[in-house]
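Peer 1: Before anything else, here's the structure in question.
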C-alpha cells in the first residue's frame, strides 16, 4: 500500500461543520453569505480568530476582539452566541468514527490535525483523542493551518513523510498547503462521498 497514514481535520470532517453553524447564524442576522468567514479570512494572522486558534487569546478575550474585527467590516454580531452555535453543531459523525477505527484495524496510522481553541472547561478534543494515534491542535502547538509547519509536525508525530499520507479537510486553502507538501487530499463536502474516495485510495472498505 502506498499510504501509511490518514490525517483528518475535525470540525467539518469528523464532527459537524462550524461553517454550517456560521452560515445559519449569518442567515439569522440577515447578513450576506460568508460575511463572517470573510472577516475571519480577511483579518489574517493578527485577527482575533487566528489568535484564538493559536492559543494567544482565551475565549473571553476573543469575544470582544472578534466583535471588533466584525464591526470594522460593518457587521454587528454576538461572538459568544456564535461560538455557542459552533459548539452545539460539533457532534461526532458516527460514520467517520467507524471509518477511523477500520483504518486503524487495517494497519494505517490515523491522526487529527485541527485548528481549534481552548475551551473554558479544558475539554478541547479530549473526547476524541483515544480515536487517533496522534492529535495536533493549533491552540496547543501555536501554529494553525494553512501554515506548512503544522502539517510537517503531524507527519513527524505519525512518523510518515507527507507523500505517505492522505489528508481530509473541508476548507480548500488548508488542502492546498497539504498538496504542496506532497500529501494526497480529499475535500469533504459530503461525508459519504469523502469516504468513498478514501476507500478508493486505501483499498479499505469503510462503508456498510
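Peer 1: Which condition breaks for residue 152 when tested against (1) modelled with pLDDT of 95 or more; (2) in contact with a strand residue (DSSP E or B) (Cβ under 9 Å, 6 or more places away or on another chain); (3) in a helix (DSSP H, G or I)?
Peer 2: (2)
Peer 1: Residues that are touching a residue at least 12 places away in the same chain (Cβ under 8 Å) and closer than 30 Å to residue 165 by Cα: list the helices (runs of 4 or more DSSP H) wholly contained in segment 27-138 that include at least 1 such residues.
Peer 2: 35-43, 48-53, 79-89, 94-105
Peer 1: Which of the residues that make up segment 175-197 are out of contact with any helix residue (DSSP H, G or I) (no Cβ under 8 Å at 6 or more places or on another chain) and either crowded, with 21+ Cβ neighbours inside 10 Å or on the phi > 0 side of the Ramachandran plot (or both)? Give the steps one after another, and end with the answer.
Peer 2: First, the residues of segment 175-197 that are out of contact with any helix residue (DSSP H, G or I) (no Cβ under 8 Å at 6 or more places or on another chain): 175-176, 179, 189-190, 193-194, 196-197.
Answer for segment 175-197, where residues must be out of contact with any helix residue (DSSP H, G or I) (no Cβ under 8 Å at 6 or more places or on another chain) and either crowded, with 21+ Cβ neighbours inside 10 Å or on the phi > 0 side of the Ramachandran plot (or both): 175, 194.
Peer 1: Residues 113, 75, 82: which one is in the same structural domain as residue 149 (by TED's automatic domain parsing) and modelled with pLDDT of 95 or more?
Peer 2: After applying the criteria, what remains is 113.
Peer 1: Further, regarding this structure: Restricting attention to segment 1-26, which residues are free of Cβ contacts under 8 Å to residues at least 24 places away in the same chain and in a loop (DSSP other than H, G, I, E, B)?
Peer 2: Result: no residue meets the conditions.
Peer 1: Something else now. Does residue 202 meet the test of being more than 28 Å from residue 86 (Cα to Cα) and free of Cβ contacts under 8 Å to residues at least 24 places away in the same chain?
Peer 2: No, not satisfied.
Peer 1: I'd like to verify a number: residues in segment 70-115 that are under 18 Å from residue 43 (Cβ atoms) and in contact with a strand residue (DSSP E or B) (Cβ under 7 Å, 6 or more places away or on another chain), how many?
Peer 2: Within segment 70-115, residues that are under 18 Å from residue 43 (Cβ atoms) and in contact with a strand residue (DSSP E or B) (Cβ under 7 Å, 6 or more places away or on another chain) number 0.
Peer 1: Residue by residue through segment 160-178, note down the ones that are over 13 Å from residue 7 (Cβ atoms) and in a helix (DSSP H, G or I).
Peer 2: Those that are over 13 Å from residue 7 (Cβ atoms) and in a helix (DSSP H, G or I): 172, 173, 176.
The values are calculated or read from the model by the stated rules, or taken from the named source; none is laboratory data. Note that the structure is predicted; figures quoted are calculated from it, not measured. Ideal geometry is used to build each Cβ from the backbone, glycine not excepted, and the neighbour counts take in all protein chains shown.
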